[in-house]
Structures are given as C-alpha cells and as structure tokens.
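The numbers here are math on the coordinates, done by the rules we state, and not lab data. Because the structure is a prediction, the values reported are computed rather than measured. Cβ placement follows ideal geometry from the backbone for every residue including glycine, while neighbour counts extend to all protein chains displayed.
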Amino acid sequence: TEKPLKVAVTGAAGQIGYSLLFRLASGALTGDRPVELRLLEIEPALKTLEGVVMELDDCAFPGLAGIEIGSEAETIFDGVNLALLVGARPRGPGMERGDLLEANGAIFTAQGKALNSVAADDVRIGVTGNPANTNALIALKNAPDIPAERFSALTRLDHNRAISQLAAKTGAPVTDITKMTIWGNHSATQYPDLFRAEVGGRNAAEVVGDQEWLENTFIPTVAKRGAAIIEARGSSSAASAASATIDAARDWLYGSAAGDWVSMAVVSDGSYGVPEGLVSSFPVTTRDGDWTIVEGLEIDDFSRGRIDASTAELADERDAVTQLGLI
Ligand code: NDP
C-alpha cells in the first residue's frame with residue numbers, strides 16, 4: 001500500500017474542522033491512499049479537539065493511518081505533505097481591520113516559519129482562514145525556503161457558489177458549467193466572472209443575456225452568500241467551506257478536469273494586470289501539485305474594472321501588513 005499522505009489541519013476543533021476532518025479521513029481527498037492527520041489547535045481548544053478525535057476513532061475509517069494533535073506548529077507540521085490552514089482569529093467586537101490583520105499576522109508568521117523548517121519537501125499549503133489571501137501572503141513571505149507557488153488561498157467556495165447560482169438561473173446541471181472564474185480577493189470585492197464561463201459549451205453571459213441580473217443579482221448573491229447562510233442557519237457556512245477546501249486540494253494534487261479550469265488565489269506573476277506578488281484569485285489549471293494561470297483570455301471593460309477594484313483592496317492589505325512589519 002501507498003505511504004499515507006500527511007495532512008495538517010489548523011483550527012481543527014473549529015466548525016470547518018468538524019466537517020473537514022471526517023471528509024479527509026473517509027478518503028474524499030486521497031481516495032484509496034491513506035491519510036495521517038496532524039491537527040493543530042490553540043491550547044484552550046485541545047480538550048474539544050480530543051473529543052473530535054474520539055469521534056474520528058469511532059468511525060473506524062479504514063484509510064485513517066494515524067492522528068496526532070497538539071499546539072506546537074513545529075511538532076504538528078513535521079513532515080507534512082499538505083497543510084490546510086483553517087484556524088484564524090475571527091473579528092471580535094470593536095476590532096478594527098488593522099487589529100484583525102495584526103492578530104492573524106502573528107498566527108501566519110509563526111506558521112509560515114514552522115512550515116519552512118519542518119514540512120516535507122513536497123509540501124502544498126492551502127489557506128482557508130480569513131483574511132485568506134493576505135494570510136497566505138504573510139505565510140509565504142515567512143517561509144523563504146518554500147517556493148511561493150506552493151501557497152494558495154481558498155476561493156473555491158466562491159467558485160462553487162457561482163456555479164450553483166448559474167446552474168439555478170439557466171436550469172443546466174452543475175456538470176454543464178465550465179470555465180468559471182473568481183478573480184481577486186476572497187471578500188466582498190471578489191469578481192465572479194460569467195463572461196468567460198460556459199453553459200453546455202456556450203458563453204454563459206450570452207446564455208443568461210441579462211446584464212442587470214449579472215450585476216445586481218448574481219455578483220452580490222455570490223459575494224454575500226456567507227452572510228445569507230449565517231442569517232438562515234444561525235451559524236456560518238462551515239460544511240460548504242470544508243467541502244471547497246477538499247475540492248481545491250484534490251484538484252491541486254490530482255489535477256483539474258480536461259477542458260476546464262478552477263479558481264485559486266495564487267501569487268501573481270503580473271498576469272491580467274494583477275500586481276506581481278499579490279495572492280489573488282485567477283483561473284488556473286492544475287496538474288501533479290502545480291498550477292498554471294490560464295493565459296490569453298480577453299478581458300472586457302466591465303470585468304477590468306471589477307478585477308482592478310478587488311486587486312486594489314489586496315494591495316491595500318499588503319501595504320497594511322508591510323507597515324506592521326509582518327512581511
Ligand atoms: P470556523 O472553523 O468556522 O472558520 C475558520 C476560519 O475559516 C475563519 O477564519 C473563517 O473566516 C474562515 N472561513 C473561510 N471561509 C468560510 C466560510 N465559508 N464559512 C465560515 N468560515 C469560513 O471557525 P471556528 O471559530 O469554529 O474555529 C476556528 C478554530 O481555529 C478554533 O477552534 C480556534 O481555536 C482555532 N484557531 C487555531 C489557531 C491555530 O491553530 N494556531 C489560531 C487561531 C484560531 P471568518 O472569520 O471570516 O468567517
């Protein structure tokens with residue numbers, strides 16, 4: 001049998017963790033290849049995490065090769081092939097944006113350094129915890145020996161939400177929808193792009209034929225879906241975030257579908273006018289743990305404005321964490 005994939009999950013006792021760990025252990029990421037889970041939590045959450053581990057034990061998952069838990073990043077990240085950075089400091093009452101960036105900066109500088117010194121040579125790092133793009137930027141800047149291409153931030157949930165909304169609007173099954181792109185930041189400024197997406201091989205914006213819906217319903221529905229779920233469910237969209245975290249990691253490690261692409265926030269090489277070095281969402285194809293930005297797409301003026309607005313926000317966040325001395 002194959003050696004287990006060593007997967008670290010941070011914030012493992014949280015809401016997303018509660019869904020993510022069971023999916024990982026049941027083979028949703030690796031299929032028949034076993035996984036070893038290495039779970040990081042802050043000290044006060046370790047007891048809760050022990051309870052989650054009891055439940056994982058009780059599932060008797062045949063593909064779960066081992067579990068280690070702890071609060072020391074250097075111990076938990078030792079030899080990991082994949083690190084899913086889910087744990088982040090939520091915005092508390094009265095907290096300013098700068099406070100949030102600073103609190104998370106402390107977490108992601110430490111985790112970047114720990115990954116740099118102890119992760120496996122082939123490590124891939126996916127950041128789910130918010131502000132995800134800037135947290136990924138902080139981690140990669142603090143891990144100088146790990147190629148920057150090994151870091152990404154999650155925009156796959158936004159991507160999946162956009163597919164679902166377009167499927168509902170057009171009556172097409174989700175499997176007919178291809179070439180969806182989320183551009184920019186995983187935030188309210190994100191740009192879900194229908195001008196390059198396809199429904200059954202036809203241009204999605206043309207199939208919809210309704211710019212008013214696209215601008216005033218589709219884009220805000222996708223961007224504000226998290227808030228709508230909190231409103232309806234009384235708690236956040238943790239299961240779908242976990243599912244998207246797995247989708248993103250699976251495509252990264254095992255490859256995206258032929259004739260299609262996925263959205264991932266990755267370090268910009270300047271493509272599509274996105275300032276070099278920002279961690280911004282692009283259309284990418286993936287293969288064997290590497291991603292490639294889809295090149296040569298024509299960008300219309302409407303999309304240009306939306307992409308620029310979101311990347312300007314990312315540049316502001318980068319300036320803020322630079323001023324805080326985090327990168
Ligand atoms: P969740 O598990 O619900 O969320 C974790 C992070 O994912 C948050 O930053 C959240 O951002 C983000 N996120 C991204 N997409 C989504 C989405 N669609 N829906 C909801 N969240 C999303 O948070 P919990 O508070 O339940 O758990 C966090 C855990 O992390 C806690 O157990 C805490 O102890 C731990 N933690 C661990 C750290 C470590 O390992 N060093 C450091 C800090 C915390 P947003 O806040 O914007 O919703």
Legend entry - Cα-centre dipole for segment 146-243 with unit charges at Cβ (Lys and Arg positive, Asp and Glu negative), debye to 20: 320
Legend entry - Sequence of Phe77, Phe218, Phe282, Phe302 once ranked by neighbouring C-beta atoms within 10 Å, starting from the fewest: Phe302, Phe218, Phe77, Phe282
Legend entry - Convex hull volume per residue in cubic angstrom - Cα atoms of segment 275-327: 85
Legend entry - Scattering curve values for the chain, log₁₀ I(q)/I(0), Debye with Cα scatterers, q = 0.08, 0.11, 0.13 Å⁻¹: -0.35, -0.67, -0.95
Inset, instruction - Measure up Lys141/Lys179; Lys6/Lys47; Lys6/Lys113; Lys6/Lys224; Lys179/Lys224; Lys113/Lys179 against 28 Å on the Cα-Cα distance and list the ones that go over. - result: Lys141/Lys179; Lys6/Lys224; Lys113/Lys179
Inset, instruction - Select from Ser117, Ala103, Leu49 the residue farthest towards the positive end of the dipole of segment 21-131; place +1 on Cβ of Lys and Arg, -1 on Cβ of Asp and Glu, and compute about the Cα centre. - result: Ala103
Inset, instruction - Determine, for Ile125, Ile182, Ile69, the number of other Cβ atoms within 10 Å of each Cβ, and report the residues in order from fewest to most. - result: Ile69, Ile125, Ile182
Legend entry - Full-stretch length increase - Glu295, Glu43 - with 0.36 nm per residue and alpha-carbon distance subtracted: 86.2 nm
Legend entry - Degrees, to the nearest 10: 238-254 long Cα axis against longest axis of the chain: 90
Legend entry - Helix axis angle, 301-323 relative to the chain longest principal axis, alpha carbon, degrees: 30
Inset, instruction - Report the Stokes-Einstein translational diffusion coefficient (µm² s⁻¹, integer) for segment 231-290, Rh taken as the Kirkwood radius over Cα pairs, at 10 °C with viscosity 1.306 mPa s. - result: 121
Inset, instruction - Considering Cα pairs under 8 angstrom that are at least six residues apart, work out the relative contact order of segment 83-170 and quote it in whole percent. - result: 31
Legend entry - Cα-centre dipole for segment 91-136 with unit charges at Cβ (Lys and Arg positive, Asp and Glu negative), debye to 20: 60
Inset, instruction - List, in order, the whole-Hz ³J(HN,Hα) value for each residue of segment 282-291 obtained from phi through the Karplus relation with A = 6.51, B = -1.76, C = 1.60 and θ = phi - 60°; use x for Gly and Pro. - result: 9, x, 9, 9, 10, 7, 6, x, 10, 10
Legend entry - Sites Val118 and Arg91 - FRET efficiency at Förster radius 25 Å, r taken between beta-carbons, to 0.05: 0.25
Inset, instruction - Report the local net charge at Arg156: Lys and Arg +1, Asp and Glu -1, summed over other residues whose C-beta lies under 9 Å from its C-beta. - result: -3
Legend entry - Within the chain: Cβ-based charge dipole about Cα centre, in debye rounded to nearest 20 (Lys, Arg +1; Asp, Glu -1): 460
Legend entry - Per residue convex hull volume, Cα atoms of segment 158-279, in Å³: 122
Inset, instruction - Output the peptides 288-299, 313-324 sorted from most to least packed, where packing is the average of other Cβ atoms within 10 Å over each peptide's residues. - result: 313-324, 288-299
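Would you mind counting up the charge near Val118? Only other residues with Cβ under 14 Å from its Cβ, with Lys and Arg at +1 and Asp and Glu at -1.
Its environment carries a net charge of -4.
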Legend entry - Using alpha-carbon coordinates, inclination of helix 15-25 to the longest axis of the chain, degrees: 80
